[in-house]
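Every number in this text was worked out from the coordinates using simple rules, so none of it is lab data. Quantities reported herein were computed from a predicted structural model and do not represent experimental measurements. Positions of Cβ are generated from backbone atoms using ideal geometry, with glycine treated the same way; all protein chains shown enter the neighbour counts.
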Amino acid sequence: MGKNIIVIGGSKGIGRVFVDRRVKRGDNVYVFARNFQIRNKKEAHFIKSDLTNQKKYLKKLKELLKKIKKVDAIVFAQRYRGIKNIWKNERLVSIETLNNSLKLIDKYMSKKNSSIIVVSSNASTNIAIEQPVSYHMAKAAISQIAKYYAVKFAKKKIRVNIISPTITLKPENIDFYNSNKIIQKTFSDIIPLGRMAHSDDICNVIDFLISNKSSFITGQTFVVDGGLSLLTPEVLIRSSKGL
């Protein structure tokens, strides 16, 4: 029998790749998102939700929890992608969704190695200037919230961990990078492992954190960047110039 897995924000990017692979493995996957494109005959359960409306979202989450009764894992991969009221809506979608969900989810989590994974970003500690300040605020906040609940939930055997990916090749951007080989090569040249991250690289870590193999790990941030964060500015400049 498969696991009961809830994914918040699983309609695109890393979240969608994770959803598809877990459905193929036979898990019962429930996705909260504004939209969800049906691609396969066997698909995840879609719960249409606008995370800027926390009252309606939490009502739907409570209804699902009462229905399935037990949750093995929940993955938070949401972010605000709109252009209106960015500061307010990023806070609602990223921060309030995580905190409000965790305040009610614990009693439904399986007591046998249940796991909560928060997909954050290297913008939680560094500056990605192409992203607005609200994005940085949200990523830093959700990482700290996750650590708080890792301690709070520890006695209940519920683990909470964070994943911090670098720029990642996703179904939505793969055509762009394949059409701009110079950009892709520049990233590959400066990343110690010699290539850009793929969505599967991130999903492999999520799989690990859900599995029994990570049963003694909680409150940790897994930086998945091919070693990029280890480099000094001087090394990055030399690498980008081929020196």
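For the reader, a short list of remarks on this structure follows.
- Pair-distance distribution P(r) for the range 94-190, from all Cα-Cα distances in 5 Å bins starting at 0: 2, 11, 19, 17, 15, 12, 10, 7, 5, 2 percent.
- Net charge of neighbours whose Cβ lies under 15 Å from the Cβ of Lys185, counting Lys and Arg as +1 and Asp and Glu as -1: +2
- Across the cross-link table entries Lys111/Lys170; Lys42/Lys181; Lys12/Lys241; Lys41/Lys84; Lys56/Lys147, which are compared at the Cα atoms, the separations over 30 Å belong to Lys111/Lys170; Lys42/Lys181; Lys12/Lys241; Lys41/Lys84.
- As a length-normalised measure over Cα pairs under 8 Å and 6 or more apart, the relative contact order of the chain settles at 17 percent.
- Order by protection proxy (mean Cβ within 10 Å, highest first), peptides 116-124, 156-164: 116-124, 156-164
- Computed magnitude of the charge dipole of the range 1-48 (debye, nearest 20; Cβ of K, R +1, Cβ of D, E -1): 120 debye
- The alpha-carbon atoms of the range 19-68 define a convex hull whose volume equals 70 cubic angstrom per residue.
- Local electrostatic count at Ile210 - Lys and Arg +1, Asp and Glu -1, tallied over other residues with Cβ under 13 Å: +4
- Hydrodynamic radius (Kirkwood) for the range 135-213, which is based on Cα pairs only, to one decimal in Å: 15.0 Å
- For the range 1-46, the gyration tensor built on C-alpha atoms gives a prolate shape. Its axis ratio a/c (a ≥ b ≥ c) is at least 1.5, and a/b is the larger of a/b and b/c.
- Protection proxy ranking, peptides 73-79, 190-196, 48-54, average beta carbon neighbours within 10 Å, highest first: 73-79, 48-54, 190-196
- Each Lys and Arg adds +1 at its Cβ and each Asp and Glu adds -1 at its Cβ; summed about the Cα centre, the range 101-243 shows a dipole of about 860 debye.
- Global form of the range 1-112, assessed from the alpha-carbon gyration tensor, a/c cut-off 1.5: oblate
- Computed on the range 161-204, with alpha-carbon pairs under 8 angstrom and 6+ residues apart, the relative contact order is 46 percent.
- Sorting 25-32, 179-186 by average packing, meaning the other beta carbons within 10 Å per residue, from highest down gives 25-32, 179-186.
- For Pro171, the shell of other residues with beta-carbons less than 13 Å away shows a net charge of +1, using +1 for Lys and Arg and -1 for Asp and Glu.
- As a length-normalised measure over Cα pairs under 8 Å and 6 or more apart, the relative contact order of the range 1-65 settles at 28 percent.
- Under the convention that each Lys and Arg Cβ holds +1 and each Asp and Glu Cβ holds -1, the size of the dipole of the chain around its Cα centre is about 1340 debye.
- The Rg/Rh ratio of the chain, with both radii computed over alpha carbons and Rh defined as the Kirkwood radius, is 0.97.
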